[in-house]
Every structure is written in structure tokens, then in C-alpha cells.
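The values are calculated or read from the model by the stated rules, or taken from the named source; none is laboratory data. Keep in mind the model is a prediction, meaning the values are calculated, not measured. Here the Cβ positions follow ideal geometry from the backbone for every residue, glycine too, while neighbour counts run over all protein chains shown.
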Amino acid sequence: MEIEGTVIAGRAFEPIEGRVVVENGEITAVEEASVDSSAIVLPAFVNAHTHIGDSLAKEAGAGLSLDELVAPPDGLKHRLLRAASREELVDAMDRTVSFMSQGGTSAFVEFREGGVTGVRAIEEALTGSSLDAVVLGRESIEAMYEADGYGASGANDGDFERERAATREAEKLFAIHAGERDTSDIDAALALDPDLLVHMVHAEPTHVERVAERETPVAVCPRSNLVTGVGLGPVEALVERTTVALGTDNVMLNNPSMFREMEFAAKLFDLPAGKVLEMATLAGAEIAGLDRGVIEEGAEAKLCVLDGDSPNLAGAQDVVRAVVRRAGVSDIERIVY
């Protein structure tokens, strides 16, 4: 299979005119050539932080604080999750999985509530889907063994030393929320030597330097952080010093559109468009341990093809900037998974 157009190629995310050659699900060549196509070919997205169980509570809790919304064990979302039937939960997650797939997302990193039962519920929701999920179990070490790792709520919510030791022994991913409300849990989170930090809104320069020294990746969720009123954080400083990926966070607060997350990030932070696109693709793939998120020879062929002649994108003078700041689901011409 050959896909022609303007290809956003390589780890520099530079647009070239040409084609991508795909064989057996792998990119076998990226060729510069004169082609007669207005398509824009970019890597499919990797959403670095989600809570898709919240799909059954979309737009619930208007006006509530962050703790009232999501703090375990009695935040609104946890009460709604406990009250829902398995069928309701699986159906809600299945719909979100479909939405993400249709929107150009090929994989996501999920913090899955509900212990082992919750992990099995998302596995059911993913049945038949082309999406890949890195599922991080919560609430028990058994859930971690059932999943791809452990997703901790935050160091102020408990001592996660046992969970960290277990994930290390099992060679699985350990991620933790940190610095979302304030600075109080950041040092304790860093002491666990996590594989992924989520949020870091209130990271101070000393925290950023420690993250840089350890090369700890960070998933940032600017739309969610704005909705919950916690702030936006030193995203530019983090980007300069470590791998930073975009996530959409709780589905109850935001739809899991990576187009929206990119646009939001690009307009809030002083970052080049190519860097924002990297945060939505390659950075998340590297965190998740997936060989995708970039258009280069040997990578998995997970691609999103846009109609560059759509009413929204026609006339764009800077293709990468247009993809990041204005493209949307309606511009998708085809998806290659």
C-alpha cells in the first residue's frame, strides 16, 4: 500500500511531499516525490493519560472542586462507578473507544479503576477494537498483575511502596499522579522512581531538575487542569528537559480528542507546532513502549490521513501548524491501523 500527499515525516516532524509505503502493517519506506495528492499524512495519536471509565458520567458534577469530582474513595466519579452495572460501564467505555479510534487515536494509556474487575471490564470494552491500550490497574497489586502496570492516585492518598516494588519485579509500568493540586505530593512521588508522572502542574524548578536528572516522562493534561481550576504548570520547562506527552484525562470532564488537546496546548504554551504534534504521538508511544507515533522506516504503520483540501484546511500556509491548531475529526480522510 502506498499513501501519497504531504507526509509529516521523521522525528523532526517535517512535512515533505511524497509517499509512505506500507507492507504487513509496517512502514517500509518514506519517499520524497512529486505527487498529485492534497492529503496530509501524520502519525496516529497516542493519548498518554485517560480515565475512560468516567464515560458513564459525562459532564457530571458541574461546579464541584477537583476533590469533590475525583478524589478516592468518595469523589463523585467513584460513587457513580460503584453505582453502575458492569454492562453500563462496558458500554460507556466501548463508545469512548470507538470515538477515539474514529478520531485518529491508535493507542491510549488508561488508569483503570475497579481493581481486577475494572481491568477485565476494559478488556471487554476493547474486544474487536483496533485500538491498543496500556492499562494500568488500580486499587490492588492483583489488578497490576492483570494489567500492564499500576496507576497510583497520588502519594498523599497512600503508601505505594509495595505496588512500586511489585511493578518493578514484574517489569511493568508504574505511573502516579503528582503535583495536580499543589506541591505536597511531588517529592514522595519522585521518591518512588516512577516510570511516568501525570500532571505536575505545581512542579517547582527543583522538581523539574529532578525529573530531568532521572529522565522521568510526564503526561500533561491542560484542558482537564483548566476545567478543574488547578492551573497549567511549567509545561515549557518540562518539555525542555524530559519527554512530555499529551493526555485528555477524565472523560467526564473532556472528550478524548487529541485534536482538541493539541490545539489547546499549542495556543496556551510557547511551543513549536512540531513539538506539540510530537507530544500527541511519539512521546506517548515511547512512554507506552509502542513502536509507533512517527513516520519512519521500520515503525508500525499507524497513520491518520487528513484531507488537505477540506474547507477547514485548504489554503494552509504551514501544514504542521494547521494540523496542530485547526484540524479536527471532520478533516480525516482515512485511518490506517
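Would you tally the residues in the stretch 299-337 being under 16 Å from residue 3 (Cβ atoms), assigned to a helix (DSSP H, G or I) and in contact with a Lys or Arg (Cβ under 9 Å, 6 or more places away or on another chain)?
Qualifying residue count, the stretch 299-337: 0.
Could you go through the stretch 284-298 and let me know if any residue there is among the basic types (Lys, Arg) and farther than 29 Å from residue 3 by Cβ.
no
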Output the residues belonging to the stretch 8-36 that are surrounded by fewer than 18 Cβ atoms within 10 Å (Cβ to Cβ), touching a residue at least 12 places away in the same chain (Cβ under 8 Å) and in a loop (DSSP other than H, G, I, E, B).
10, 11, 12, 25, 33, 34, 35, 36
Return a yes/no flag: does the stretch 112-121 have any residue that is modelled with pLDDT under 95 and either more than 22 Å from residue 151 (Cβ to Cβ) or not in a helix (DSSP H, G or I) (or both).
yes
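Collect the residues in the stretch 165-223 that are among the acidic types (Asp, Glu), over 20 Å from residue 243 (Cβ atoms) and outside any helix (DSSP H, G or I), keeping them in residue-number order.
182, 185
Scan the stretch 37-53 residue by residue and report those that are in a strand (DSSP E or B) and either among the aliphatic types (A, V, I, L, M) or in contact with a Gly (Cβ under 8 Å, 6 or more places away or on another chain) (or both).
39, 40, 41, 42, 43, 45, 46, 47, 48, 49, 50
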Would you mind telling me which numbered condition in (1) in a loop (DSSP other than H, G, I, E, B); (2) at pLDDT below 95; (3) not polar (S, T, N, Q) residue 56 fails?
(1)
Out of the residues in the stretch 133-164 that are among the acidic types (Asp, Glu) and part of a helix (DSSP H, G or I), which is surrounded by the most Cβ atoms within 10 Å (Cβ to Cβ)?
163
Return yes or no: is residue 100 at pLDDT 95 or above, in a helix (DSSP H, G or I), closer than 19 Å to residue 219 by Cα and not polar (S, T, N, Q)?
yes
